[in-house]
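The values are calculated or read from the model by the stated rules, or taken from the named source; none is laboratory data. Computed from a predicted structure; not experimentally measured. Note that each Cβ is placed from the backbone with ideal geometry, even for glycine, and that neighbours are counted across all protein chains shown.
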């Protein structure tokens with residue numbers, strides 16, 4: 001009973017701190033209140049942590065000196081076991097992203113969260129599915145979907161705020177071959193690429209920017225992933241049918257690098273043969289648009 005009363009009192013205290021910040025004309029004079037909200041993340045009260053996950057982003061911009069402190073608290077919140085706390089923190093991240101210095105870091109964290117639900121689900125299934133816990137399995141699947149959707153929405157909100165600084169850390173995971181690269185590629189395919197006309201503005205500058213990111217990322221990808229990226233590049237205006245000769249030459253050079261034409265051809269290497277054949281099929285449509293001489297250097 002005493003614990004319940006203490007928890008209720010803590011939640012009430014946070015509401016009072018939030019109300020005081022909300023009504024203050026000069027919020028910067030209430031830094032101690034904001035610090036107290038941040039500090040509540042270290043406690044054991046689940047409802048207080050969930051409320052803190054709402055209040056920290058709401059007043060984040062009013063206390064730039066506490067930005068790093070607040071950001072670390074939000075990172076702690078997305079690692080909590082309780083789904084409600086994680087979801088609330090994830091939803092609040094785009095508000096923190098309004099400060100440019102934090103956008104890349106937030107995008108990186110959200111990118112890593114694309115796999116968090118999957119990892120938890122696999123762990124649960126491996127230890128419980130044989131016990132016949134069907135309802136728990138279904139609950140885990142539902143929770144994973146909720147968290148995944150929250151991450152997707154938060155990432156897209158962040159990308160719409162700052163395309164360059166949001167996409168760069170995501171493509172970095174693809175380029176480095178990190179364990180989350182497949183989830184990142186799926187996110188790019190399903191959420192980012194379909195709305196390229198909305199995101200890539202000014203068009204020429206941003207299409208060039210994402211092209212450079214892709215060129216770095218395709219150095220170590222599967223055949224299907226390479227085709228995905230090449231199809232996307234072909235959809236950009238800078239590589240359209242009326243693009244200059246140099247643009248088509250650039251596409252051919254990307255395909256050449258993937259085909260690894262300088263490597264010794266081994267008829268017993270099935271992967272090499274399949275990659276080489278796939279690259280030929282990708283290059284042929286480009287030649288039909290504009291005849292280009294391959295670089296024989």
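Going by the conditions given, is residue 81 assigned to a loop (DSSP other than H, G, I, E, B) and farther than 21 Å from residue 170 by Cβ?
Values: assigned to a loop (DSSP other than H, G, I, E, B): yes; farther than 21 Å from residue 170 by Cβ: yes.
So residue 81 fits the description; yes.
Quick one: which helices (runs of 4 or more DSSP H) lie wholly within segment 183-297 and hold at least 1 residues that are under 21 Å from the mean Cα position of the chain (by Cα) and within 30 Å of residue 153 (Cα to Cα)?
Values: elements: 196-199, 203-217, 223-235, 245-259, 270-289.
Counting at least 1 such residues, we get 196-199, 203-217, 223-235.
Condition test on residue 212, is it at pLDDT below 95, within 26 Å of residue 112 (Cα to Cα) and surrounded by fewer than 17 Cβ atoms within 10 Å (Cβ to Cβ)? First the steps, then the outcome.
Values: at pLDDT below 95: no; within 26 Å of residue 112 (Cα to Cα): yes; surrounded by fewer than 17 Cβ atoms within 10 Å (Cβ to Cβ): yes.
In short, no.
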